[in-house]
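Here the structure is laid out as structure tokens; the discussion comes afterwards.
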Amino acid sequence: MKLKLKAVSPKIGRELPWPQRATTGSAGMDLSACIEEDIILSPRQLVRIPTGIAIALPGPEYVALVCARSGLAVKRGLTLSNGVGVIDSDYRGEILVGLQNSGDADYVIQPADRIAQL
């Protein structure tokens, strides 16, 4: 399957990397925070973080899943607010990542931080 990626922010490919697999054995591609400044995420707070990209799946038999980065979840308590994000095959808008701080301390999300996996 060929996944079509579209930059919806001019930062993609310049200030932020295109989503890519970190290694040949990676299950998914890292998604980065496409934000202008740091976001402080307080305990129990929910935020939506833009990624600067949109995708086009090839047909209705496909779905894309947005998953938490295990290191952030286990070490910092930063999880997806909906468990797993589902991108329907006909959705063409920007991918937003809903994050929740389930830890006991503030967490700072900086521009270009890797925040989830696709």
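The values are calculated or read from the model by the stated rules, or taken from the named source; none is laboratory data. Keep in mind that what you see is a predicted model, and the values were worked out from it rather than measured. A quick note on method: Cβ atoms are made from the backbone with ideal geometry, for glycine too, and the neighbour counts reach across all protein chains shown. To get the accessible areas, we keep the full protein, side chains included, count just its heavy atoms, and leave off ligands, DNA and RNA. Shrake-Rupley method; radii C 1.70, N 1.55, O 1.52, S 1.80 Å.
Within region 9-23, residues that are among the aliphatic types (A, V, I, L, M) sit with their Cβ atoms under 8 Å from residues that are assigned to a loop (DSSP other than H, G, I, E, B) and at pLDDT 90 or above, at 6+ positions apart or across chains, in these pairs: Ile12/Trp18; Ile12/Cys34; Ile12/Gly52; Leu16/Ser9; Leu16/Cys34; Leu16/Gly52; Leu16/Pro111; Leu16/Ala112. Residues that are outside any loop (DSSP other than H, G, I, E, B) and over 9 Å from Leu118 (Cα atoms) within region 52-67 comprise Ile53, Ala54, Ile55, Ala56, listed in sequence order. A search for C-beta distances below 8 Å between a residue of region 45-58 that is at positive phi and any residue that is aliphatic (A, V, I, L, M), counting only pairs 6+ apart in sequence or on different chains, returns Gly52/Ala7; Gly52/Val8; Gly52/Ile12; Gly52/Leu16.
In this structure, is Ser102 in contact (Cβ under 8 Å) with a residue 40 or more places away in the chain, polar (S, T, N, Q) and open to solvent by 40 Å² or more (accessible area, probe 1.4 Å)? Can you show your working first?
Details: in contact (Cβ under 8 Å) with a residue 40 or more places away in the chain: yes; polar (S, T, N, Q): yes; open to solvent by 40 Å² or more (accessible area, probe 1.4 Å): yes.
Yes: the conditions hold for Ser102.
Can Asp30 be described as in contact with a Lys or Arg (Cβ under 8 Å, 6 or more places away or on another chain) and touching a residue at least 12 places away in the same chain (Cβ under 8 Å)? Answer is yes for this residue.
Listed here are the residues, each with its yes/no results for (1) among the hydroxyl-bearing types (Ser, Thr, Tyr); (2) open to solvent by less than 50 Å² (accessible area, probe 1.4 Å); (3) in contact with a Gly (Cβ under 8 Å, 6 or more places away or on another chain); (4) within 30 Å of Gly103 (Cα to Cα).
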| residue | (1), (2), (3), (4) |
| --- | --- |
| Leu5 | no, no, no, no |
| Pro10 | no, no, no, no |
| Leu31 | no, yes, no, yes |
| Ile39 | no, yes, no, yes |
| Arg48 | no, no, yes, yes |
| Thr51 | yes, yes, no, yes |
| Ala54 | no, yes, yes, yes |
| Pro58 | no, no, no, no |
